[in-house]
Amino acid sequence: MALVPQSYAIEDLPHTSASDVKKLGWRGVMKTIGRSGKVVVTNHNEAEAVILSIEEYGAIMQALRDAGSKSEAALDMLRRRFDERLASLQAADAGERLRSLMRGPAKLGGKVKAGESH
């Protein structure tokens with residue numbers, strides 16, 4: 001079962017110093033990761049790296065794929081709308097429809113539209 005990635009700020013994650021990593025070794029780091037799924041390695045109290053469990057990494061990658069799919073679907077919708085509008089401009093009677101529209105009075109619905117805010 002994949003973990004659901006959570007939005008943690010670096011300061012909210014468990015920390016361990018680089019010297020502790022050296023002292024405890026890989027096994028000690030993996031114990032920390034086993035508890036939280038991730039650990040920030042610091043050097044002189046500055047974050048230098050984040051080590052993730054494979055489950056946490058997989059969850060992050062899945063979240064990125066899901067986000068990309070949503071973005072791609074939105075882009076596809078915008079492309080279809082653009083293509084429809086472009087097709088209407090490329091129709092044989094498009095020029096005449098535009099000239100006809102420009103010759104007639106504007107329909108303001110009783111409201112004055114002026115300036116940048118219309």
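The values are calculated or read from the model by the stated rules, or taken from the named source; none is laboratory data. As the structure is a prediction and not an experimental result, all values here were calculated from the model. Counting neighbours? That spans all protein chains shown, and the Cβs are built from the backbone with ideal geometry, glycine included.
Residue-level check: of (1) in a helix (DSSP H, G or I); (2) modelled with pLDDT of 90 or more; (3) out of contact with any Leu (no Cβ under 6 Å at 6 or more places or on another chain); (4) among the acidic types (Asp, Glu), GLU48 misses just (1).
The residue pairs whose first member lies in the range 6-24 and is modelled with pLDDT under 90 and outside any helix (DSSP H, G or I), whose second member is exposed (fewer than 15 other Cβ atoms within 10 Å of the Cβ) and not hydrophobic (A, V, I, L, M, F, W, C), and whose beta carbons are closer than 7 Å, counting only pairs six or more residues apart or on different chains, are PRO14/SER36.
Take the conditions (1) in a helix (DSSP H, G or I); (2) at pLDDT 85 or above; ALA92 misses just one of them, which is (1). For the range 35-71, name all the residues that are within 20 Å of ILE10 (Cβ to Cβ) and among the small types (Gly, Ala, Ser). Of everything in the range 35-71, those that are within 20 Å of ILE10 (Cβ to Cβ) and among the small types (Gly, Ala, Ser) turn out to be SER36, GLY37, ALA47, ALA49, SER53, ALA59, ALA63. Against the condition hydroxyl-bearing (Ser, Thr, Tyr) and not in a helix (DSSP H, G or I), how does THR32 come out, does it pass? For THR32, the condition - hydroxyl-bearing (Ser, Thr, Tyr) and not in a helix (DSSP H, G or I) - is not met.
Screening GLY68, GLY37, GLY95 for residues that are surrounded by 10 or more Cβ atoms within 10 Å (Cβ to Cβ), touching a residue at least 12 places away in the same chain (Cβ under 8 Å) and not hydroxyl-bearing (Ser, Thr, Tyr) leaves exactly one candidate, GLY37.
For the range 61-73, the candidate set comprises residues that are modelled with pLDDT under 85 and over 10 Å from the mean Cα position of the chain (by Cα); within that set, the residue that is farthest from ARG97 (Cα to Cα) is SER69.
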